[in-house]
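Participant: Got a structure here, written out as structure tokens. Questions coming.
Read the figures in this text as sums done on the coordinates, not as results from a lab. Note that this is a predicted model, so its numbers are computed, not measured. When we count neighbours, we look across all protein chains shown, and the Cβ atoms used for this are built from the backbone with ideal geometry, even at glycine.
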Amino acid sequence: MIYEAISVFDIFKIGVGPSSSHTLGPWRAARRFVQTLQQNNILNDVSSVRILLYGSLAKTGKGHGTDVAVQLGLCGDDPVTFAVDQIQPKINDIASMKRIVLGGLHEVKFDPADDIDFLITETLPHHPNALTFLAEMKNGSSLAETFYSVGGGFVIKEGEERTAKDVKQLPFPINTADDILHWCIKTGLHIHEVVMENEHVWRDEKETKEGLLNIWRVMKECIYRGSNTAGTLPGGLNVKRRAAELNKKLLDGKIYNDYDSWLAAMRSGGHSFKYILDWVSCFALAVNEENASFGRVVTAPTNGAAGVIPAVLQYYIAFADGNDPEKIIQFLLTAAEIGSIFKKGATLSAAMGGCQAEIGVSSAMAAAGLTECMGGTQKQVMMAAEIAMEHHLGLTCDPIGGLVQVPCIERNTMGAIKAITASQLALQSTPDFAKVSLDAVIKTMWDTAIDMSHKYKETADGGLAVNVPLSLPEC
């Protein structure tokens, strides 16, 4: 197996909700297909385009916005920068005009109702999240490419071979938790310092730090926006947004006009257990309500689990004296490495592993980042991640109506609280006496994923998705 070098910015990606595997991944795949057309100098020869969605992408694609994502990707729009308030108007224009401008350069006929096929009874062997783009040319020829959205916004093109020379050679190669501890013991470095040394292969330290603080900027803007936006979530479930109401109740009339004054207002309310617990829930709810509304979020490591890490980091900043740029950087570096070893040893895809692969991994990442910043040893950091995942093992993905709303949004609050609890347990424990290692939990998570019924892997074919009576046109 070729070693996979994963950067912190592969784990943390800025994008648009509601799903990293069903929205962000297909969006990026569509952009790659258009780039292929451009590189082959055949973009202007295209007469029409079709998209075939397979497996989980077909079954829950409508609820996850896969059809929206592929259209925006074909237009060449960037999920990092595209104005989220322009998503629906642009999709409406494409549907009404029955035309799409590939790469923003070449207009062709395109009717989303006919040219996006949801093949709910068909799957491709490599991964449940598969999609094919087919371009017909004016001369009668065609070009097709198939992609797999493998979780966390990562995309693999069918037939694309990677070789050893394509992989960055890191000073501290890491595949497992034991590898992390090995390098820490050998060098005397903290976990975040080992990760930073590896990041130097891609860019200098100043650029990495600026990039991580920008990741946090997007996270905190998402928390603030979600905590101040009321209403009902889109999609047909008529789920009421709760973060804004909870925020208002907790602040009890305190005045604020931006993030900093909001932070000061919440701190002034005290440090009781119940008060802080409510705020952690508010932070997580806020992010995932934004995610469900096609808002701008950070994939951490997925969109469905995007609220856990911001909620725990916001808790650390607000209630544990963590409002320090260097500490925020340490948190994110450590969390990203934990996410990386889960991707290598198991999966970040709910369509492959159920929700343990999303909420479970994000909780482990957050627990590790918090423990590192709270002064835990390297072994305590690994222990915190292990505890968090151990108590998410077997968690299924059963989105009602195929939407990333119920039970997904509340699960982020649970993942955040479990992360904080896992960190506290690890900080008060001696890891040398622990019976379960992080590597053992990662292997167990993958074994569980393999054994789990497909009904509980983001298909909306089992669990709450079939036991809660709803009248929805598609799920």
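Participant: Rounded, prolate or oblate: which fits region 238-381, taking a ≥ b ≥ c as square roots of the Cα gyration tensor eigenvalues, rounded meaning a/c under 1.5, else prolate when a/b beats b/c?
Facilitator: oblate
Participant: Calculate the dipole size of region 20-161 relative to its Cα centre from +1 charges on Lys and Arg beta carbons and -1 charges on Asp and Glu beta carbons; express the result in debye to the nearest 20.
Facilitator: In total the dipole reaches around 120 debye.
Participant: Shifting gears a bit: Just want the ordering: T23, T413, from fewest to most Cβ atoms lying within 10 Å of their own Cβ.
Facilitator: If I rank by nearby Cβ atoms, fewest first, I get T413, T23.
Participant: Which whole-number percentage describes the relative contact order of the chain, with Cα contacts under 8 Å and a sequence gap of 6 or more?
Facilitator: 18
Participant: For the Cα atoms of the chain, what angle does the longest principal axis make with the long axis of helix 438-451, in degrees from 0 to 90, nearest 10?
Facilitator: Long axis of 438-451 versus the principal axis of the chain: about 40 degrees.
Participant: In region 57-147, what GluC sites (Glu not before Pro) fall in a loop by DSSP, with at most 14 other Cβ atoms inside 10 Å?
Facilitator: Filter output for region 57-147: E122.
Participant: Net charge around V287, counting only other residues with Cβ within less than 15 Å of its Cβ (Lys, Arg = +1; Asp, Glu = -1)?
Facilitator: Residues close to V287 contribute a combined charge of +3.
Participant: Towards the positive end of the charge dipole of the chain, with charges on Cβ (+1 Lys, Arg; -1 Asp, Glu), say which of A440, L370, G152 has the farthest Cα.
Facilitator: With unit charges placed on the Cβ atoms, the residue in question is L370.
Participant: If neighbour count is taken as other Cβ atoms inside 10 Å, put R241, R267 in order from fewest to most.
Facilitator: Neighbour counts put them in this order, fewest first: R267, R241.
Participant: Cα axis of helix 378-390 to longest principal axis of the chain: angle in degrees, 0 to 90, nearest 10?
Facilitator: 60
Participant: So, one more: Taking the number of other C-beta atoms within 10 Å as the exposure measure, put C75, C282, C397 in order starting with the fewest.
Facilitator: Listing C75, C282, C397 from fewest to most nearby Cβ atoms yields C75, C282, C397.
Participant: For the chain, what does the helix formula give at 222 nm: sum of -39500 (n - 2.57) over DSSP H segments with n ≥ 4, over the residue count, nearest 500 deg cm²/dmol?
Facilitator: Value at 222 nm, helices only, nearest 500: -15000 deg cm²/dmol.
Participant: Which shape class applies to region 120-199: rounded if a/c is under 1.5, otherwise prolate when a/b exceeds b/c and oblate if not, where a ≥ b ≥ c are the square roots of the Cα gyration tensor eigenvalues?
Facilitator: Here region 120-199 falls in the prolate category.
Participant: E193 versus L105, label points 7 Å from Cα toward the beta carbon: distance in nm?
Facilitator: Those two pseudo-labels are separated by 4.8 nm.
Participant: Roughly how many debye, to the nearest 20, is the charge dipole of the chain about its Cα centre, given +1 on each Lys and Arg Cβ, -1 on each Asp and Glu Cβ, and no other charges?
Facilitator: Its charge dipole is roughly 680 debye.
Participant: Do you know the relative contact order of region 161-234, to the nearest whole percent, from alpha carbon pairs under 8 angstrom that are 6+ apart?
Facilitator: 22
Participant: If one takes the longest principal axis of the Cα atoms in the chain, at what angle in degrees, from 0 to 90 and to the nearest 10, does the Cα axis of helix 177-187 lie?
Facilitator: 60
Participant: Using +1 at the Cβ of each Lys and Arg and -1 at the Cβ of each Asp and Glu in region 177-467, identify which of I420, G269, M389 lies farthest towards the dipole's positive end.
Facilitator: G269
Participant: Sticking with this structure for a sec: Ranked from highest to lowest mean number of other Cβ atoms within 10 Å per residue, what is the order of the peptides 200-213, 310-323?
Facilitator: 310-323, 200-213
Participant: Residue farthest toward the positive end of the dipole of region 20-161, with Cβ of Lys/Arg at +1 and Asp/Glu at -1: which of S47, V80, G25?
Facilitator: Positive-most Cα among the choices belongs to V80.
Participant: Across the Cα atoms of the chain, what radius of gyration and what greatest pairwise Cα-Cα distance (Dmax) are found, in Å?
Facilitator: 21.8, 71
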